[in-house]
Every structure is written in C-alpha cells, then in structure tokens.
Amino acid sequence: MKKTMTLIVLFAAIIGNAQTKETQRTTTVMGSATLEREVTAYKIKVTLNMDQVYYADPQCKTLEEFKDKYYAALTREGFDPSQLVEKKMEFMTLGYQKEGTILQLETTSKEMAEKLMKVRLNGVSLQFNTKNTLTAAKRSLARKEALEDARTHAEELCKIAGKSLGEIVYISENTPVTGIWKSYYDSYEEYFSITVGYQMK
C-alpha cells in the first residue's frame, strides 16, 4: 500500500514538474487594434423648460402654448412634430419649479435629425447622441490586426530572451459591444484587445 501511494505521489510530482516547465516555456502578450464603427442612428432629447420661457418670452403663459409655438417652428422647417415621443415623467425628475416636458426623437435618418436640430427657441435645449455600430466585417478586421500586433510583441520578447516563437497556446479577447450610444463630440479612439499565449522554443 505504501509503495502504491509513493508511486502515485511520484507520478503527480513528475506531471506537475512537466506542467511547470511547459508554463515556463510560454510567453503571454496583448495585442490591440483600433475599432472603426459606423453611425447607424440618431437620438435627440428636446427639453422644453417654462422656467426659461417665463423671462425670455412672456407671451407664452402655459406649457401648451409653448409646445404649439415650438411645433409650428418645426413644421416650418419641414419636420413632422408627430415623430417626437413625449416623456413628461422624465422632466419631472429634473426638479424645475415651473412646467416643462421632454420630447425625444430616435431615427436612422440623418436628414430628419438635422431638421430637428436646426430649430432653436428660448427655453428649448437639445441633447444629441449617435448610435455607433460595429459591423461583423470591421470586428473581424480588428481581430486580425490585434493578432498580428500580439505576434509582433511576442517575437520581440522571444528575441530579447534568446528564444524563438512557437505555436499559439491560447487566445482570449475583450469582446466589444456591437452598438453603443455616445455623445456626438466623443472623439476618443476605441480599441479591440486580445491576450495570446505562445510557446517559446
């Protein structure tokens, strides 16, 4: 029995030692590539605030009068006000003293979004966002470029260590979300990254 246990322990030690040596003969690097997204939709939030209208346009006594005036201005610009979705409850959470409301447009039409953005009145504020979509083709391209970037880093490390680069042992990636909403003025670059393990010879 003791001999059997001794053999099991010895066998486990040999396997563990082999695995340790295998781990020591690998290098792990990260590769990255710039993601290129396409704008596929527009979201505009219009806030009508009677707190501001009270001083800027005393002729508008009620929110309904203010909405009528705004809708008339939109119609003159060629925009159909029925495309707007009203969100009164959202305005109430903002804590203004006087009445107001929020109107929202979500569309894939750049032309429609531009028409809405052109109409400016006192008491009206606009928030503009775009939906940026990552297509399957662009994601595949980023994966390829990130893998090439990782291999370049791995080859440099192996050269410094006096080794040569072997086969890929494993790959993991930070998978990006397909569609994201962001401010129109966000100009920072977005990156796709992968982690790759290589054998070293």
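Here are a few things to note about the model shown:
- All positions within the range 69-99 that are aromatic (Phe, Trp, Tyr) and either assigned to a loop (DSSP other than H, G, I, E, B) or touching a His at 6+ places or on another chain (Cβ under 7 Å) (or both): PHE79, TYR96
- Scanning the range 155-178 for residues that are in a loop (DSSP other than H, G, I, E, B) and either among the charged types (D, E, K, R) or surrounded by 12 or more Cβ atoms within 10 Å (Cβ to Cβ) (or both) yields LYS163, PRO176, THR178.
- Selection within the range 86-121 - closer than 17 Å to ASP51 by Cα, among the basic types (Lys, Arg) and in contact with a helix residue (DSSP H, G or I) (Cβ under 7 Å, 6 or more places away or on another chain): LYS98
- Check on LYS182, outside any helix (DSSP H, G or I) and farther than 20 Å from LYS67 by Cβ: yes
- Filtered by the rule that a residue be buried (at least 16 other Cβ atoms within 10 Å of the Cβ) and either of a type in the set (Val, Ile, Thr) or assigned to a helix (DSSP H, G or I) (or both), the range 116-137 gives LEU116, MET117, VAL119, VAL124, THR130.
- Any hit, the range 119-136, residues being free of Cβ contacts under 8 Å to residues at least 60 places away in the same chain, under 30 Å from LEU63 (Cα atoms) and not aliphatic (A, V, I, L, M): yes
No lab work stands behind these numbers, since they all come straight from the coordinates. Model, not experiment: these values are computed from the prediction. Here Cβ is always computed from backbone atoms with ideal geometry, including for glycine, and neighbour counts include all displayed protein chains.
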